[in-house]
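Below is one structure, written out as structure tokens; comments come after it.
The values are calculated or read from the model by the stated rules, or taken from the named source; none is laboratory data. Since we're looking at a predicted model, the values are computed, not measured. Please note: Cβ atoms are built from the backbone with ideal geometry, for glycine as well, and neighbour counts cover all protein chains shown. These accessible areas exclude ligands, DNA and RNA; they are computed on the full protein's heavy atoms, side chains included. Shrake-Rupley method; radii C 1.70, N 1.55, O 1.52, S 1.80 Å.
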Amino acid sequence: MKKSLVLLLLFPVVVLGNTIWGKTGHRVTGQIAQEHLRGKTKRALNDLLDGHSLAFVSTFADDIKADRSFSKYSAWHYVNYPLGMDYVDSEKSEYGDIMTGIEECIQKVRDKNNTREDRVFHLKMLIHFIGDLHQPMHASREEDKGGNDIQVQWFGDGSNLHRVWDNNLIESYGMTYTELANELSNVDRKKRKAIQEGTIYDWVDESHDICAGLYETVETGDKLGYRYSYDHNDLLFQQLQRGGLRLAKVLNDIFG
Ligand code: ADE
Ligand code: ZN
Ligand code: ZN
């Protein structure tokens, strides 16, 4: 095969592989949320999702990225603004961002005058974006594209800071999404209520603050592995748990 053809075929894998909070992360978030839905919410979701689980549909927004007709939505997976600043005070992108995306999805899903198809599409997108909101590098800064331009090694293989948080950390832990969700779903009522407090505007700034801390511990060319995992697994699990419980909250508010 010609070299240019090989490169062309690899292009979507390389580009998309760099910018996707991995499938496992999204499925864990969806599965945790599933365990915290009210009866009415469960019935509404069961109908709209044709019986599919939240985990199953959670990767939809990434699956459609390869189709150019959905390019309008690619800016909705993340937001970048200066570290130390709050989202509400930041300059907004003309293409929209994860916050305008989530707001639009909530409106579209809520409105029963919309077609079923439109409501289902935005519901699947919403389930995905609440997950992305809890990947710290998806509430990040512009200058290195949320860590995509910070090249590092992960157990000797080439990676970057963004990909470490999308995929490498969670995959190297070696648990399936159901195993992880089982571990992270059991939360007492008081802790759950505390996590579910606030709005998406609080949650994005929380992720953004975490992101700022992550930039402080990594430099281009760093060799990351066991030590980085050991130091950051609790934070990873916390973000997955927050994402799942808050997704349940957002859905219970819409359908409850
Ligand atoms: N592209 C530019 N910034 C990004 C970010 N924070 N996350 C994912 N993709 C990006
Ligand atoms: Zn990503
Ligand atoms: Zn995404």
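Could you give every pair whose Cβ atoms fall below 8 Å, whose first residue belongs to the range 145-165 and is in contact (Cβ under 8 Å) with a residue 60 or more places away in the chain, and whose second residue is surrounded by 15 or more Cβ atoms within 10 Å (Cβ to Cβ) and among the acidic types (Asp, Glu), counting only separations of at least 6 or pairs across chains?
Listed pairs, sorted by first residue: Ile150/Asp144; Val152/Asp222; Gln153/Asp222.
Taking Ser90 as the residue in question, decide whether it is open to solvent by less than 50 Å² (accessible area, probe 1.4 Å) and away from ligand 3 (no atom under 12 Å from the Cβ).
Judged against the criteria, Ser90 is a match.
For the range 116-126, check the following and say yes or no: at least one residue is modelled with pLDDT of 95 or more and within 16 Å of ligand 2 (Cβ to nearest atom).
Checking the range 116-126: at least one residue is modelled with pLDDT of 95 or more and within 16 Å of ligand 2 (Cβ to nearest atom).
For the range 105-116, check the following and say yes or no: at least one residue is closer than 15 Å to Ile254 by Cβ, more than 13 Å from ligand 1 (Cβ to nearest atom) and within 17 Å of the chain's Cα centre (by Cα).
Looking through the range 105-116, at least one residue is closer than 15 Å to Ile254 by Cβ, more than 13 Å from ligand 1 (Cβ to nearest atom) and within 17 Å of the chain's Cα centre (by Cα).
What are the residues in the range 220-249 that are surrounded by 14 or more Cβ atoms within 10 Å (Cβ to Cβ) and polar (S, T, N, Q), if any?
Ser229, Asn233, Gln238, Gln239, Gln241
Consider Tyr78 carefully, then state whether it is touching a residue at least 40 places away in the same chain (Cβ under 8 Å), open to solvent by 50 Å² or more (accessible area, probe 1.4 Å) and within 15 Å of ligand 1 (Cβ to nearest atom).
In short, yes.
Does the range 101-123 include one or more residues that are within 15 Å of ligand 3 (Cβ to nearest atom) and of a type in the set (Ser, Thr, Tyr)?
no
Given the criteria open to solvent by less than 10 Å² (accessible area, probe 1.4 Å), closer than 22 Å to Asp231 by Cβ, in contact with a Lys or Arg (Cβ under 7 Å, 6 or more places away or on another chain) and not aromatic (Phe, Trp, Tyr), does His122 qualify?
Taking the combined requirement at face value, the residue does not satisfy it.
Can you name every residue in the range 44-63 that is open to solvent by 20 Å² or more (accessible area, probe 1.4 Å) and either within 20 Å of Tyr177 (Cβ to Cβ) or without any contact (Cβ under 8 Å) to a residue 40 or more places away in the chain (or both)?
Asn46, Asp47, Asp50, Gly51, His52, Ser53, Phe56, Phe60, Asp63
Is there any pair with a first residue in the range 211-239 that is in a helix (DSSP H, G or I) and a second that is basic (Lys, Arg) and at pLDDT 95 or above whose Cβ atoms are under 9 Å apart and which are 6 or more apart or on different chains, and what are they?
Going by the 9 Å Cβ cut-off, the qualifying pairs are Cys211/Arg141; Ala212/Arg141; Tyr215/Arg141.
Of all residues in the range 147-168, count the ones that are within 12 Å of ligand 2 (Cβ to nearest atom) and over 13 Å from the mean Cα position of the chain (by Cα).
Looking only at that region, the number is 6.
Within the range 130-144, does at least one residue satisfy the condition of being within 16 Å of ligand 3 (Cβ to nearest atom) and either open to solvent by 60 Å² or more (accessible area, probe 1.4 Å) or without any contact (Cβ under 8 Å) to a residue 24 or more places away in the chain (or both)?
no
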